[in-house]
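**Student:** Structure incoming, see below.
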Amino acid sequence: MTEKGVADPRSHKIEPLGKRHNRVVFSCGNDALNTYIQKRASQEAKKKIATTFVMANSPTSTVIGYYTLSATSILLADLPNETARKLPKYPHVPATLLGRLAIDRRYQGRGYGEVLIIDTLRRALQATTEVASYAVVVDAINERARSFYAQYEFHAFPDRKLRLFLPMKTITSLFS
């Protein structure tokens with residue numbers, strides 16, 4: 001436990017979404033993110049569209065936060081020139097999409113987002129041993145979310161300030 005009797009976010013296990021996870025009461029302040037975890041996440045997992053990872057409260061299995069990962073690609077032309085010129089001249093570069101990341105309102109501001117983003121980057125990096133990925137890409141939902149990702153060295157695409165990427169090379173150095 002941390003000060004104020006709040007559980008340490010690092011003490012919670014992060015795992016793929018399962019039937020035992022209670023997501024009915026999840027509320028992060030964004031209806032689209034709430035609806036996704038409550039109604040669509042399992043369907044998208046079955047269809048192999050996105051994998052949802054959750055952090056849940058141990059005794060109740062109530063979802064504290066979640067994120068999704070899936071494959072995507074980046075148009076080489078969309079990357080900053082200094083980045084693109086160092087890559088093979090393929091039209092698309094493989095990437096990992098961090099599609100959604102949300103924390104229930106009751107747990108916001110306590111470090112749970114940081115724990116989830118670190119887990120996201122670790123899983124994305126591990127996956128590159130079997131499936132190539134140049135970077136993790138995220139479409140920030142708003143300016144506040146963009147600032148959150150920028151703290152972790154995500155860079156904006158030149159023409160889309162809410163679309164960001166973090167090269168695997170940077171992620172590798174974070175875990176070294």
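The values are calculated or read from the model by the stated rules, or taken from the named source; none is laboratory data. These figures come from a predicted structure and were not determined experimentally. All Cβ positions, even for glycine, are placed from backbone atoms using ideal geometry, and neighbour counts span all protein chains on display. We work out accessible area using only protein heavy atoms, side chains counted, and drop any ligands, DNA or RNA first. Shrake-Rupley method; radii C 1.70, N 1.55, O 1.52, S 1.80 Å.
**Student:** Would a scan of the range 19-37 turn up a residue that is at pLDDT 95 or above, part of a helix (DSSP H, G or I) and surrounded by fewer than 12 Cβ atoms within 10 Å (Cβ to Cβ)?
**Tutor:** yes
**Student:** Continuing with the same structure: Any idea which of LEU87, LEU101, LEU125 is open to solvent by less than 70 Å² (accessible area, probe 1.4 Å), over 24 Å from ILE64 (Cα atoms) and not hydroxyl-bearing (Ser, Thr, Tyr)? Quick ask: steps written out before the conclusion?
**Tutor:** Details: LEU101 fails: over 24 Å from ILE64 (Cα atoms); LEU125 fails: over 24 Å from ILE64 (Cα atoms).
From the options LEU87, LEU101, LEU125, the qualifying one is LEU87.
**Student:** Quick one: is THR120 buried (at least 16 other Cβ atoms within 10 Å of the Cβ) and over 22 Å from GLU44 (Cα atoms)? Please lay out each step first, then the result.
**Tutor:** Values: buried (at least 16 other Cβ atoms within 10 Å of the Cβ): yes; over 22 Å from GLU44 (Cα atoms): no.
Criteria not met by THR120.
**Student:** Which of the residues belonging to the range 75-97 are farther than 17 Å from LYS169 by Cβ and within 15 Å of the chain's Cα centre (by Cα)? Break it down into steps so the answer makes sense when it comes.
**Tutor:** Pass one, the range 75-97, residues farther than 17 Å from LYS169 by Cβ: 75, 77-78, 81, 89-92, 97.
The answer is LEU97, and nothing else.
**Student:** Filter the range 133-147 down to the residues that are over 12 Å from the mean Cα position of the chain (by Cα) and either farther than 18 Å from SER70 by Cα or loosely packed, with under 13 Cβ neighbours inside 10 Å (or both) and list them by number.
**Tutor:** Result: ASN142, GLU143, ARG144, ARG146, SER147.
**Student:** Turning to a different aspect of this structure: Could you list, in sequence order, all residues of the range 125-147 that are among the charged types (D, E, K, R), in contact with a strand residue (DSSP E or B) (Cβ under 8 Å, 6 or more places away or on another chain) and part of a helix (DSSP H, G or I)? Steps first, please.
**Tutor:** The first filter runs over the range 125-147 and keeps only residues among the charged types (D, E, K, R), leaving 130, 139, 143-144, 146.
Filter again for in contact with a strand residue (DSSP E or B) (Cβ under 8 Å, 6 or more places away or on another chain), leaving 139, 143, 146.
Hits for the range 125-147 are GLU143, ARG146.
**Student:** Hey, among the residues in the range 148-176 that are among the charged types (D, E, K, R), outside any loop (DSSP other than H, G, I, E, B) and under 26 Å from GLY109 (Cβ atoms), which one's nearest to the chain's Cα centre (by Cα)? Steps first, answer last, please.
**Tutor:** First pass over the range 148-176, keeping only residues among the charged types (D, E, K, R): 153, 159-161, 163, 169.
Narrowing the set further to residues that are outside any loop (DSSP other than H, G, I, E, B) leaves 160-161, 163, 169.
Those left that are additionally under 26 Å from GLY109 (Cβ atoms): 161, 163.
Details: LYS161: 17, ARG163: 13 Å.
Residue satisfying both the conditions and the ranking: ARG163.
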